[in-house]
1. For residue 206 and residue 48, FRET efficiency with R0 = 51 Å and r from the beta-carbon atoms, rounded to 0.05?
2. Given an 8 Å cut-off on Cα distances and at least 6 residues of separation, report the relative contact order of segment 46-116 as a percent.
3. I want to check the label-to-label distance for residue 122 and residue 34. Put each point 7 Å from Cα in the C-beta direction and report it in nm to one decimal.
4. What trypsin sites (Lys or Arg not before Pro) in segment 54-140 are in a loop by DSSP, with at most 16 other Cβ atoms within 10 Å of the Cβ?
5. Keeping all protein chains in place, calculate the accessible area per residue for segment 57-191 (probe 1.4 angstrom), answer in Å².
6. Pop out the carbon and sulfur fraction of the accessible area of segment 52-116 as a percent, whole number, probe 1.4 Å.
7. Find out how many positive minus negative residues lie around residue 81, taking Lys and Arg as positive, Asp and Glu as negative, among other residues whose Cβ is under 11 Å from that of residue 81.
8. Please compute the modelled spin-label separation between residue 62 and residue 174, points set 7 Å along Cα→Cβ, answer in nm with one decimal.
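The values are calculated or read from the model by the stated rules, or taken from the named source; none is laboratory data. As the structure is a prediction and not an experimental result, all values here were calculated from the model. Cβ: placed from backbone, ideal geometry, glycine included. Neighbour counts: every protein chain shown. Surface areas here come from the heavy atoms of the whole protein model, side chains and all, with no ligands, DNA or RNA. Shrake-Rupley method; radii C 1.70, N 1.55, O 1.52, S 1.80 Å.
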Amino acid sequence: MVWQPAPVVTGDAVVLDVAIAQLPVRTLAALIDIVVIGIAYVVGVVLWSITLTQFDDALSAAILIIFTVLTLVGYPVVMETATRGRSLGKMALGLRVVAEDGGPERFRQALFRGLAGFVEIWMLTGGPAVICSLLSAKGRRLGDIFAGTVVISERGPKLNPIPVMPPALAWWAASLELSGLGPEQAELARQFLARSAQLDPRIRHEMGHRIFDEVASRISPPPPPGAPAEYVLAAVLAERHRRALARLMPQAQPMTYPSPYPTYPSPPTSGFTPPS
């Protein structure tokens, strides 16, 4: 019987639509990266040895140590940051590192994974990484636990798309304080919006208002009076996604998308104007 990691399940018993990368595939991707790092390291050491006679022994040893650390830690950090969660090995096997809520990996998370990988993979020959991945239901090694990340297979099911911002709520969403909104609540709302059209109207209404109450209790200011629950959830998720992209690409121009929502008059200073 082949062991497979359990799916990602939020605290609200919602299964995330991602395929967790299995240990054998991750191991093969890691081996590819190790070969790439090994080749780069050998080339660097050869160049270091050529210039060895130009420096004293202490300086040469310091250069070698710095180069070793930068190669072993810098490669995964730079690659995963530049490609949003992929190294050469992961590209070859269709894997990607993402945050626990399905968002893109950030530099801080890549740095935590790189530093932990230096210890658990290079210094301890990968033993802790393998053991932790086997014990984790999500196949996470120590670096993933410290960084709050998961390795997924891009060739499996995809995450539900981020909802488009309802124009009538853009003014309100721009002022939101979202620090209290956790990844589980955000993913629960995203799952609901993606599947709401398939639900029975009564169940859709009850579930929508339950999720609406949970999300509304974690954000401020409160939603405009009379705003439909699904529009509020869509506005919160769209604004959350916009801010995440802004942190990753601070110099990028704001992204615009075609909106499936009806066009509203100019936003009011208070309250919500439903479609006519």
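1. Working: r = 67 Å, r/R0 = 1.31.
Here the calculated transfer efficiency is 0.15.
2. In percent, rounded to a whole number, it is 26.
3. Distance between label points: 1.4 nm.
4. Qualifying residues, ordered by number: 84.
5. On the way: 6040 Å² over 135 residues.
For segment 57-191, the solvent-accessible area averages 45 Å² per residue.
6. Looking at segment 52-116 in its full context, I get 71 percent from C and S.
7. +3
8. 5.2 nm
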